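Engineer: Please read through the structure below; I'll follow up with questions.
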Amino acid sequence: MLNTLAKVQKQRLFVQEMSGVFAQVCVMYELKAVWLAAQRTPTVIRNTGWLAAQRTPTVIRNTGWLAPQRTPTVIRNNGWLAAQRTPTVIRNTDWLAPQRTPTVIRNTGWLAPQRTPTVIRNVSTSCPMYAQSRGVTKKKELSEKQLTRYFVDHRRVKLHAGAGGKGACTFHSEPRKEWGGPDGGNGGNGGNITLKVDRRVKSLAQVAPIYKGDDGEAGGSKNCYGRNADTTHIPVPLGTLVKEQGETVADLSQQGQEFVAVFGGAGGKGNRFFLSNENRAPMTATPGEKGQERVLQLELRTMAHAGLVGFPNAGKSSLLRAISNARPAVAAYPFTTLNPHVGIVKYRDHEQVAVADIPGIIRGAHLNRGLGISFLRHVERCRFLLFVLDMSSPEPWMQLQYLRYELDQYEPGLSRRPHAIVANKMDLPGSRVNLEALRDHVKQRVIPVSALTGLNAEELVLHLRELYDGYLQTPVLGGGGDKPTRW
Ligand SMILES: Nc1nc2c(ncn2[C@@H]2O[C@H](COP(=O)(O)OP(=O)(O)OP(=O)(O)O)[C@@H](O)[C@H]2O)c(=O)[nH]1
Ligand SMILES: [Mg+2]
């Protein structure tokens with residue numbers, strides 16, 4: 001048995017040695033004849049796994065093969081011959097003379113029993129193609145649909161602050177100290193609930209209908225006071241108006257601004273509190289007070305410097321897309337935009353102007369036609385307006401007239417805010433004639449643009465800046481003395 005094993009072992013070693021010699025011969029002839037013909041640099045062949053049973057890498061230095069070589073060429077081969085599993089990569093930064101980027105030759109089976117094709121890539125190994133072959137898939141980009149958020153600009157919220165913890169009624173107890181006296185501690189106060197402005201929050205969608213504050217901890221023996229409950233913060237967007245039974249109670253228009261909506265109940269008193277000369281052993285301890293309860297209406301008014309006002313399909317959303325990074329939906333049917341979108345126009349001096357795309361207004365909107373004018377509350381806080389007119393439609397100045405009328409129906413004087421008239425769709429036929437007629441009808445400056453082609457968008461952006469600078473110089477405008485909001 002042992003003899004047979006020894007024989008088999010000998011045969012294996014012989015086969016391994018022979019395959020090693022064969023490999024070297026292959027390399028000598030193959031490489032010498034084909035590859036290294038034009039080589040100028042010395043060749044070093046490292047082989048970490050040629051010969052099956054070999055553990056230590058074989059290094060063949062061929063400093064004398066091709067005589068005038070100066071710099072070493074390194075050929076790495078982790079398994080050339082038949083049983084190869086891992087791909088062979090030859091890195092050569094000098095071979096192919098005028099090449100700048102390294103050449104990678106992949107060959108998952110160079111010699112005879114080649115199955116897979118040899119690919120020569122002249123790119124870095126971190127390229128996406130390479131990643132694909134490793135099974136690394138590119139991260140999918142989010143579609144616009146997935147990016148859409150549910151926009152809520154109205155919320156009725158019931159708030160119930162935490163109750164105070166009850167006071168304890170205990171007496172000190174110790175061996176040989178029979179009348180230790182009262183030592184019941186007070187309860188902790190209940191938690192308040194506050195509304196806190198967080199500019200990362202964009203709508204009231206995440207505000208729940210009911211909030212309950214934390215209760216304070218009860219007092220304990222040995223004069224231990226209960227812990228006060230933590231305050232519950234409700235994050236709300238910038239520009240939230242808090243109303244109670246129609247009355248405005250808070251206007252949250254500053255980043256980080258807080259409004260304590262309901263106060264938690266005070267903690268109860270422990271019997272220690274009632275200790276007096278008259279009563280040395282009080283048995284009285286009070287329960288904690290109930291927390292305040294309130295029903296509030298939250299209303300969001302989008303805070304932007306400029307508001308785009310126009311008929312449906314006038315190209316308001318397209319315009320916002322053209323001048324900012326905002327991506328409101330654009331389509332060739334009316335009322336594509338159902339919620340306001342805010343885009344930021346950035347200038348070279350790092351100044352930023354927020355522009356709001358407001359849903360389309362139609363004639364008779366104040367009578368609740370179309371989408372009505374309830375969303376005009378978003379326009380209320382805009383410092384200046386951009387009236388967007390569709391120049392391909394006949395008599396565009398009539399659109400302007402109707403828009404002004406509807407704004408004034410919502411809030412008298414709203415249409416007299418600083419504004420600019422934007423004549424959109426100037427790329428369409430007939431718009432030039434309409435532009436001349438519009439200029440005859442209105443005294444204000446008219447900016448002709450095409451949101452689709454980007455024609456004259458710079459003039460609009462520059463005019464926007466003029467309006468913004470004018471607004472900065474006038475600290476109080478229309479909106480009831482609000483401080484300017486820097487975005
Ligand atoms: N030719 C041309 N088409 C435009 C231009 N601007 C917008 N449009 C097209 O007009 C259609 C309506 O564009 P929107 O940007 O969705 O219009 P909107 O005013 O936001 O419409 P609502 O959201 O419904 O109020 C789309 O098909 C746009 O491609 C323009 O400058 N030239
Ligand atoms: Mg739109």
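Engineer: From largest to smallest, what semi-axes in whole angstrom does the stretch 152-300 give when each is the square root of 5 times an eigenvalue of its alpha carbon gyration tensor? Display every interim value, and only then the final one.
Structural biologist: Values: eigenvalues 366, 33, 20 Å².
Semi-axes (√(5λ), whole Å): 43, 13, 10.
Engineer: In square nanometres, what is one fourth of the surface area of the convex hull spanned by the alpha carbons of the stretch 298-400?
Structural biologist: On the way: hull surface 29.1 nm².
Over all viewing directions, the stretch 298-400 projects a mean Cα-hull area of 7.3 nm².
Engineer: Using a cut-off of 9 Å between beta-carbons, work out the net charge of the residues near G310 (Lys and Arg +1, Asp and Glu -1, G310 not included). Intermediate results must be reported in sequence, preceding the final value.
Structural biologist: Numbers: positive: K316; negative: D390.
Counting the neighbours of G310, the net charge comes to 0.
Engineer: Counting residues in the stretch 374-435 as N, plug N into 2.2 N^0.38 Å and put the Cα Rg over that result.
Structural biologist: It is 1.22.
Engineer: What does the extension gain come out to for D440 and I344, with contour length at 0.36 nm per residue minus their alpha carbon separation? Intermediate results must be reported in sequence, preceding the final value.
Structural biologist: Details: separation 96, 0.36 × 96 = 34.56 nm, distance 3.26 nm.
Working it through step by step, the gained length comes to 31.3 nm.
Engineer: Within the set K212/K346; K196/K290; K243/K269, which residue pairs have Cα atoms separated by over 32 Å?
Structural biologist: Values: K212/K346 42 Å; K196/K290 23 Å; K243/K269 35 Å.
In this structure, K212/K346; K243/K269 exceed 32 Å between Cα atoms.
Engineer: Same structure, new question: With the alpha-carbon atoms as the only input, what is the per residue convex hull volume for the stretch 169-240 in Å³?
Structural biologist: Working: hull volume 6.4 nm³, N = 72.
In the stretch 169-240, the Cα hull volume divided by residue count equals 88 Å³.
Engineer: How big is the stretch 243-353 on each of its three principal axes, counting only the C-alpha atoms and giving the largest first in Å?
Structural biologist: 84, 36, 21
Engineer: Take the alpha carbon atoms of the stretch 306-473, find their radius of gyration, then divide it by 2.2 N^0.38 Å using N residues; give the quotient.
Structural biologist: Working: Rg = 14.6 Å, N = 168, 2.2 N^0.38 = 15.4 Å.
With N residues counted in the stretch 306-473, Rg over 2.2 N^0.38 Å equals 0.95.
Computed from the coordinates by the stated procedures, all read-outs in this text should not be read as laboratory data. These figures come from a predicted structure and were not determined experimentally. Heads up, the Cβs are rebuilt from the backbone with ideal geometry, glycines too, and the neighbour counts pull from every protein chain shown.
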